[in-house]
Amino acid sequence: MSHLALCGGKPVMETFDLPEEMFRWPIIDGESENAVLDILRTNRISGNDVTVRFEKEFAAWNGTKHAVCAGNGTMALEAAMFAVGLRAGDEIICPTKTYWASCLSAQKLGAAVVFANVDPDTVCLDPNDLERCLSPWTKAIMAVHYWAHPCDMDAVCAFAKKHGLKLIEDVSHAQGGHYKGRKLGTFGDVAAMSLMSQKSFAAGELGILVTDDGEAYERALAYLHYERNNEQNIHIPDLLPYINMPLGAMKGRANQMCAALAIEQLRHYDARTAEIRRALNYFWDGLDGLPGLHSLRVDESDGSDMAGWYVPHFIYRPEEVGGVGFHTFCDAVSAEIGWKIPTGGNFPLHTHPIFQTWDPMGLGKPARIAFAHRDVRELDKALAPSEGLLCAEVPYFRKFIPEEIDKVAAGFRKVVEHIGELSAFTDDRDARKDGQWYGKVNKDD
Ligand SMILES: *Cc1c(COP(=O)(O)O)cnc(C)c1O
């Protein structure tokens, strides 16, 4: 007799009928609504006063001296690259498995992106791959705390220091998280992040850059803003002739409805993300130790944490369960809980033509290498370990309701405990085809 639903048995859950409030995000209460309405009613959408207030509050919360908002995380990251002095002919090392905004803007500055592998256990930048990426032209490293897992900052910071490189953190998945007791976004020369409505810190469309370095702060401010690029704010002699214009040739100013929402979200952020971590740690505490299935999380005993746990994932190890295929396993769990498990995450960026052939300015060379001293695309050949990783999502609980979480955990447990029933399935699907370039914000987009 078969037990598993995929083999004709009775599923653990007939339908995925957990309460909707367990997944609702962001949490918009009356105070958030009023904060946004107040901006609308007083016609201050295009101002800076509320944005500057948010910058001050965010900088204090993050433990950094300065903060600058931008209209989105992409612009904040581009400003971060300019802030550390990235320019034509430089190279920047970035993990290949991340969202495009971690590095695509480097091409606008004339810099070449050198992609590094990710560590298959953390899906974050593999510090052991940095040496391979290094050259006399390396200027900076982009450390991404991917899926909220803190990047190995001991190793990355040591490498950056040893070679005199600038370090930027992309904290878009991990606002407020910690690595060994220290807040993410305080390790790099500059850190930047998205606060768009899908992220853990969700404030509409907004980005922010934080730094302790006064010069980097002024460069970022002058890059993103025109009216704030003025004599009061800017003291760097080289920049002074260019006040009143945005050095990045963009209008980076934030929409103050988003800044007002961000102020409200910040007040509740630590408590709400603590509940997410409680829920997901509870889920994994009940499953860890089972063969094949490995949670992507940190051991909190050293002061590290998973912040708002942006998109919880597991890693699958078929060799521990008799070689049962990854997709067969995911199908079996999906059949037990009535929830189709998404697989793969972001496609590795080096596999997109925008990093191979795109020549927007007609320079006769791909933008990626237009000003480079070598064809860094050659280095992409070493990135196979970052392709086709066997990683998949689990439901993203935002509320700690143990009896509901138990139901989902029971579905995962059941599949592992009856894994033998799956040994007859052939699974020839290619995991390199799993994933997407970006997640959809609304179902109908
Ligand atoms: C979302 C995201 C960004 C870009 O932020 P936007 O606010 O969407 O422009 C950058 N890096 C990573 C890792 C992201 O997930």
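The values are calculated or read from the model by the stated rules, or taken from the named source; none is laboratory data. A quick note: this is a predicted structure, and the numbers were derived from the prediction, not measured. Don't worry about glycine lacking a Cβ; one is built from the backbone with ideal geometry, like all the others, and counts go over all protein chains shown. To get the accessible areas, we keep the full protein, side chains included, count just its heavy atoms, and leave off ligands, DNA and RNA. Shrake-Rupley method; radii C 1.70, N 1.55, O 1.52, S 1.80 Å.
Straight-line reach from residue 251: which lysines fall under 20 Å, measuring Cα to Cα and dropping same-chain residues less than 8 apart?
Result set, ordered by chain and number: 108.
With θ taken as phi - 60° and the coefficients 6.51, -1.76 and 1.60, list the Karplus ³J(HN,Hα) couplings across region 78-85 in order, rounded to whole Hz; mark glycine and proline as x.
Those phi angles translate into 4, 5, 5, 5, 5, 4, 8, x Hz.
Which angle from 0 to 90°, rounded to the nearest 10, does the C-alpha axis of helix 326-337 make with the longest principal axis of the chain?
With both axes taken from Cα atoms, the answer is about 70 degrees.
Heavy atoms only, probe 1.4 Å: what % of the accessible area of the chain goes to carbon and sulfur, would you let me know? Spell out each step's value before the answer.
Values: 9600 of 18410 Å².
Ligands and nucleic acids excluded, carbon and sulfur give 52 percent.
Can you tell me the orientation of helix 153-162 relative to the chain, as the angle in degrees between its alpha-carbon axis and the longest Cα principal axis, to the nearest 10?
That works out to roughly 40 degrees.
Residues with beta-carbon under 13 Å from that of residue 313, excluding residue 313: net charge, scoring Lys, Arg +1 and Asp, Glu -1? Kindly include the intermediate steps, with their values, before the conclusion.
Numbers: positive: 97, 297; negative: 121, 393, 434.
Net charge in that neighbourhood comes out at -1.
So, in Å, what gap is there between the alpha-carbon centers of region 383-428 and region 256-273?
32 Å
Work out, step by step, the length gained on full extension between residue 46 and residue 442: first 0.36 nm times the residue separation, then minus their alpha carbon distance; give nm to one decimal. Mind showing how you got there, number by number?
On the way: separation 396, 0.36 × 396 = 142.56 nm, distance 2.59 nm.
Net length gain for the segment: 140.0 nm.
What translational diffusion coefficient, to the nearest whole µm²/s, does region 30-264 have by Stokes-Einstein, given a Kirkwood radius computed over alpha-carbon pairs, a temperature of 4 °C and 1.567 mPa s viscosity?
On the way: Rh = 17.7 Å.
Diffusion coefficient, whole number: 73 µm²/s.
Calculate the length of the line joining the C-alpha centroid of region 302-326 to that of region 188-205, in whole Å.
For region 302-326 versus region 188-205, the Cα centre distance is 24 Å.
Which percent, nearest 5, of DSSP beta bridges in the chain are antiparallel? Could you put the intermediate results ahead of the total?
Numbers: 19 of 36 bridges.
Taking every DSSP beta bridge within the chain, about 55 percent pair in antiparallel fashion.
Compute the length gained on full extension between residue 270 and residue 21: take 0.36 nm times their separation in residues and subtract their Cα-Cα distance, giving the result in nm to one decimal. Display every interim value, and only then the final one.
Details: separation 249, 0.36 × 249 = 89.64 nm, distance 1.84 nm.
Net length gain for the segment: 87.8 nm.
Using only DSSP helix segments of four residues or longer, with each worth -39500 (n - 2.57), what per-residue ellipticity at 222 nm results for the chain after dividing by its residue count and rounding to 500? Walk me through the intermediate numbers first.
On the way: 9 runs with 120 residues, N = 445.
One gets -8500 deg cm²/dmol as the mean residue ellipticity at 222 nm.
Straight-line reach from residue 183: which aspartates and glutamates fall under 15 Å, measuring Cα to Cα and dropping same-chain residues less than 8 apart?
Hits, sequence-local ones excluded: 152, 154, 169, 170, 212, 270, 300, 302, 305.
Rounded, prolate or oblate: which fits the chain, taking a ≥ b ≥ c as square roots of the Cα gyration tensor eigenvalues, rounded meaning a/c under 1.5, else prolate when a/b beats b/c?
It comes out oblate by the Cα gyration axes.
Along the charge dipole of the chain, which of 354, 223, 179 sits closest to the positive end, that is, farthest toward it, with unit charges on the beta carbon of Lys, Arg, Asp and Glu (+1, +1, -1, -1)?
223
Which value in Å is the Kirkwood Rh of region 252-343 over different Cα pairs?
Values: mean 1/r = 0.0625 Å⁻¹.
So the Kirkwood estimate lands at 16.0 Å.
Expressed as a whole number of Å, what is the distance separating the alpha-carbon centroids of region 212-235 and region 1-57?
Region 1-57 and region 212-235 have Cα centres separated by 34 Å.
In terms of modelled amide H atoms, which long-range or inter-chain residues lie less than 5 Å from the amide H of residue 167?
Sorted by chain and number, the residues that satisfy this are 141, 189, 190.
If you take every residue apart from residue 361 with its C-beta less than 13 Å away from the C-beta of residue 361, what net charge results, scoring Lys and Arg +1 and Asp and Glu -1? Let's see the in-between values first.
Working: positive: 108, 365, 368; negative: 359.
Computed value for this residue: +2.
Above 16 Å lies some portion of the pair distances; for region 164-274, what is it as a whole percent of all C-alpha pairs? Can you show the working numbers first?
Details: 3932 of 6105 pairs.
Counting pairs separated by more than 16 Å, the tail of P(r) holds 64 percent.
Amide H neighbours of residue 144 under 5 Å, at least 5 residues apart or on other chains, H built in the peptide plane: list them.
Those lying under 5 Å, H to H, from residue 144 are 125, 170.
Considering amide H positions built from the backbone, and no H for Pro or chain starts, which residues 5 or more places from residue 182, or on another chain, come under 5 Å of its amide H?
none
Please list 3J(HN,Hα) in residue order for region 393-398, calculated via the Karplus relation 6.51 cos²θ - 1.76 cosθ + 1.60 where θ = phi - 60°; whole Hz, with x for glycine and proline.
8, 10, x, 9, 5, 9
Give, in nm to one decimal, the length gained when the segment between residue 401 and residue 10 is fully stretched (0.36 nm per residue of separation minus the Cα-Cα distance). Before the final figure, lay out the partial values.
On the way: separation 391, 0.36 × 391 = 140.76 nm, distance 2.41 nm.
138.3 nm is the gain from fully extending residue 401 to residue 10.
Can you tell me which lysines have their Cα less than 26 Å from the Cα of residue 10? Leave out same-chain residues fewer than eight positions away.
Result set, ordered by chain and number: 340, 407, 414.
Kindly write out, for region 182-195 in residue order, the coupling ³J(HN,Hα) from the Karplus curve 6.51 cos²θ - 1.76 cosθ + 1.60 (θ = phi - 60°), rounded to whole Hz, with x marking Gly and Pro.
Once rounded to whole Hz, the list reads 10, 5, 5, x, 10, 8, x, 4, 9, 10, 9, 7, 8, 10.
Roughly how many Å² is the accessible area per residue of region 223-350, as a whole number, for a 1.4 Å probe?
Numbers: 4950 Å² over 128 residues.
With the other protein chains kept in place, region 223-350 gives 39 Å² per residue.
Output the pairs from 56/180; 166/381; 97/381 with a Cα-Cα distance over 20 Å in this structure; if there are none, say none. Working shown, then result.
Working: 56/180 25 Å; 166/381 25 Å; 97/381 15 Å.
Pairs exceeding 20 Å: 56/180; 166/381.
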